[in-house]
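We did not get these values from a lab; they are worked out from the coordinates using the rules stated. Quick caveat: nothing in here was measured; it's all calculated off a predicted structure. Methodologically, a virtual Cβ is constructed for each residue, glycine included, from the backbone with ideal geometry; neighbour enumeration extends over all protein chains shown.
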Amino acid sequence: MNQVHTYVDILRHMEKSYSNPLALNWRENGVWHSFSTQEFLLAVRYVALGLCDMGLQPGEHIGILAHSSPHWTIVDFAIMIAGGVSVPLFASISDEHFSYEVEQTEIKLLFVGGTEQWWMLQRHSKLFNLIIAITPPPANTNAYALQELMERGKQLDMREPQRYAQLCGAITPESVGTIIYTSGSTGVPKGVELTQENMACLVHDNPYSWNEKTDRYLSLLPLEHVFGHCVNLWMIYWGVSIYYTSDYKIIATICEEIKPTAMVVVPRLLEKIHGRMLDKVHDLKGFKHLLAKWAFALADQLTLPWYKKILLPLFDLLVYSKFREGLGGEIRVVISGGAPLDSRIHTFFERIKIPVYEGWGMTEACPITVNRPHDNIIGSVGKILADHQMKLTPEGEILIKGPLVMRGYYRNSQETAKGVDSEGWLHTGDRGSIDSVGHLKILGRIKELYKTSTGEYVAPIPIEQAICRHPLVETAMVVAEGRKFATCLLFPNAEALQRLKNKHKTIEVDDEAFLKSPYVTVEIHKLLSDVNTHLNHCEQIRAYRFIMKPLTIKDGELTPSMKIRRQFVANKYSKIIDAMYHEEAKV
C-alpha cells in the first residue's frame, strides 16, 4: 500500500533511509560540486523557513526561472513545504508566455538563475516585488541572494525550533503543490494545478530496481518539464545520485566523467546521439570504417534475418561496445518521453544494448504508462501504472482515471470541465490502441490529424519522423490541412550541411544555393520517394521547401518542450507553402 502522498513524506523517507554524500550534483567551470543527503534536507528546511520569515502566505505563488540544478530542486521543495505553490517557468520561455504566466498566477516573488534568465527578468522586472538569486545576478541588479535567505531561515529555526515541524504538519495530499504550464502548441498555455498527491503518488513504485549505491542518474530533461520533475522525485526518494546538466553539447564529456546508469530523454536527443555515432563511423578510415559501417547498418534495420543476427555478438564486441563507452559504458535505463519515439531509433539502441523504455504522459497526468524491463515492446508506450484505469472512447481517444490526474486548470473552469469529465476521467486528446495484454500504442493527437480538401486524413508525425532520419534534415513539418495534397517544410541540420559542403568541396557556396544544387535535389527526391513508398496516396509528400532559419522557442515556433506550433509556423511561411500548391510539384 502506498504510504507516500506528499513532499513531506518524501523528505521523511530520505531522512530515515539514506546518507548519500553525492545526493545532488552540479557542474561548474568543469568541476563537479555536491550536496549530501543531509545538506539537501537542511537547505530545504532553511529556505522554507526563510520564506516564512519573509511573510510567505499559504497558497502564495512563487516562480522559478532557472536551469535545472540542485538549487532548483531545493527551492521547489522549500516553496511547497512553506505552504506556497511552486510555478516553474521554462528557462527558454518566450517573452509572450513569460508575461502571460506570471500575470495569470500573480507571481510577485521570483527565484532566478542563468544569464539569459537574468536578461528575461530585466525586461519584465516591474512585474515583481522581490527577486532571489540562485546564481549571481548582473551588476546593479536589486536581488536577494539564496544564501541570505537560507541564513534568515537558520536564524528563525534557532528562535522557533518547532516552526518547521508545524509547516510540515500543515501539508496535506490535497494541497496544491505546483502549477506547471502546458506547452501551448495549439494556443495559449494552460496552468495545470497539481496537488502534492498528484506528484508524489508513484514515487514508491520501483520497476527499474533503483539502487542508491550503484545508480547514477543524469538529469537532462528540464525540471520545469513535468516528466523531468517526476523522475527527479523518483531519484530523490530512492536515494540515487543525481547529476544535473542543461548543456547538451558536452553530454559525451559528462558521461565520461560520471558514467551514468540512467537518463530520461526526449526522442530528439536519441536521434542526435544516433547521428553522432554515425558521424564517428564516417570519421574512421580503412578496415575500421568498413567494419563499423557494416555494424551500424545492421543495428539500424528494423528487422533482421537469422543469418544476420548471428553477426550481432561479434559486432557487439568490436563496435557496439565502443558506442556504449561513448555514453560512459554503464547505461542500463534510458526512459524516453515527451514525443513519439521512432521505432527504428528504438530498435537501433536495443541492438547496441542500450535499453530504452518508452513512456507516455502529459502535464495533466504524468507519467501514465511506461515500458519496463522484461516487458519492453517497441512501438508501444507500455502498460498503465498502478492504481490507475485506462479506456478508449469509440473514436479511439485515451481516457485516464486515478490519483495522477490534475486538480484542474488554474482559473479556467471551462477548460477543466472539458478536460476532466464528471466521473473523473481525463480526456487526453491522444488517439491510441490497447493490445490484448494491456500495452498502449499512441496513434497521434486527435487535433494533429489533418483533413485534406478531398476529405482524407493525414497523420503528420510518423511522416515527419521518417523524413528526419536523413542526416541533412533537422526538423520536418508536414502541411495538409484543407489542402488537396501533402507537402512539407524542411529545416536543415547546420552541422550536417557544412559536412556535406566540405565533402563536395563547395564550402564557398551559399547554404541556400547548395540546398538547391542538383546533388541535394536528387538526394531529397530519393528520400521522399522512399518515404512515400510506405504511405497511402493521400499522405504522400508531393513538394517540399527548405527553410533556412531554424525553428526556435524564442520566436514562438516551438513550445518549451520542443513541439512544433504548427499553425504558427504555417502562418509564418504561408507564402512559401502556397507556392508549393501552385506548382503542384511531383516527387
For the stretch 259-383, the dipole about the Cα centre with charges only on Cβ (Lys and Arg +1, Asp and Glu -1), to the nearest 20 debye, works out at 420
Once both label points are put 7 Å beyond Cα along the C-beta direction, the S574-Q38 separation in nm becomes 6.5
Percent of all alpha-carbon pairs of the stretch 278-395 at distances over 25 Å, whole number, is 34
Taking the square root of 5λ for each eigenvalue of the C-alpha gyration tensor of the stretch 7-170, the equivalent ellipsoid has semi-axes, largest first and in whole angstrom, of 26, 19, 14
For the stretch 449-583, percent of DSSP beta bridges that are antiparallel (nearest 5) comes out at 70
Relative contact order of the chain (C-alpha contacts under 8 Å, at least 6 apart) in percent is 11
Inter-part gap, Cα centre of the stretch 162-182 to Cα centre of the stretch 513-587, in whole angstrom, is 47
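How big is the equivalent ellipsoid of the stretch 129-216 along its three axes, where each semi-axis is √(5λ) from the Cα gyration tensor, reported in whole Å from largest to smallest? Working shown, then result.
Values: eigenvalues 170, 123, 69 Å².
The equivalent ellipsoid of the stretch 129-216 has semi-axes of 29, 25, 19 Å.
Ranking S241, S219 by Cβ neighbours within 10 Å, fewest first, what do you get?
Final ranking by Cβ density, sparse to dense: S241, S219.
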Taking only Cα atoms of the stretch 449-583, the Rg to Rh ratio with Kirkwood Rh works out at 0.96
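Can you tell me the FRET efficiency between Y519 and K154 if r is taken as the Cβ-Cβ distance and R0 is 60 Å, rounded to the nearest 0.05?
So the FRET efficiency works out to roughly 0.35.
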Given 242-255, 558-571, the highest-first ranking by average Cβ count within 10 Å works out to 558-571, 242-255
Mean Cβ-within-10 Å packing, highest first, puts peptides 307-316, 537-546, 276-285 in the order 537-546, 276-285, 307-316
Pairs over 20 Å Cα to Cα, from K285/K322; K293/K322; K126/K154; K353/K503, come to K126/K154; K353/K503
The stretch 1-47, Kirkwood Rh and Cα Rg, ratio Rg/Rh at 1.08
Cα-only Rg/Rh for the stretch 518-568 with Kirkwood Rh rounds to 1.09
Restricted to the chain, the DSSP antiparallel beta bridge percent, nearest 5, is 55
Note to self: C-alpha centroids of the stretch 47-104 and the stretch 249-305 sit apart, in Å, by 38
Taking Cα atoms only, helix 518-533 is inclined relative to the longest principal axis of the chain by an angle, in degrees rounded to 10, of 80
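Per residue of the chain, what 222 nm ellipticity follows from adding -39500 (n - 2.57) for every DSSP H run with n ≥ 4, rounded to the nearest 500?
Computed ellipticity for the chain at 222 nm equals -11000 deg cm²/dmol.
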If one compares the long axis through the Cα atoms of helix 37-53 with the longest principal axis of the Cα atoms of the chain, the angle in degrees, nearest 10, works out at 70
If every Lys and Arg gets +1 and every Asp and Glu gets -1 at its Cβ, then about the Cα centre the stretch 7-170 yields a dipole, in debye to the nearest 20, of 360
Counting only backbone N atoms under 14 Å from a point 7 Å out along Cα-to-Cβ of V188, the residues of the stretch 90-117 in range are 96-106
The relative contact order of the stretch 373-444, taking Cα pairs under 8 Å that sit 6 or more residues apart, comes to a percentage of 35
Projected convex hull area of the chain, Cα atoms, direction-averaged, in nm², equals 28.8
Quick calc, the chain, dipole around Cα centre from Cβ unit charges on Lys, Arg (+) and Asp, Glu (-), nearest 20 debye, gives 1540
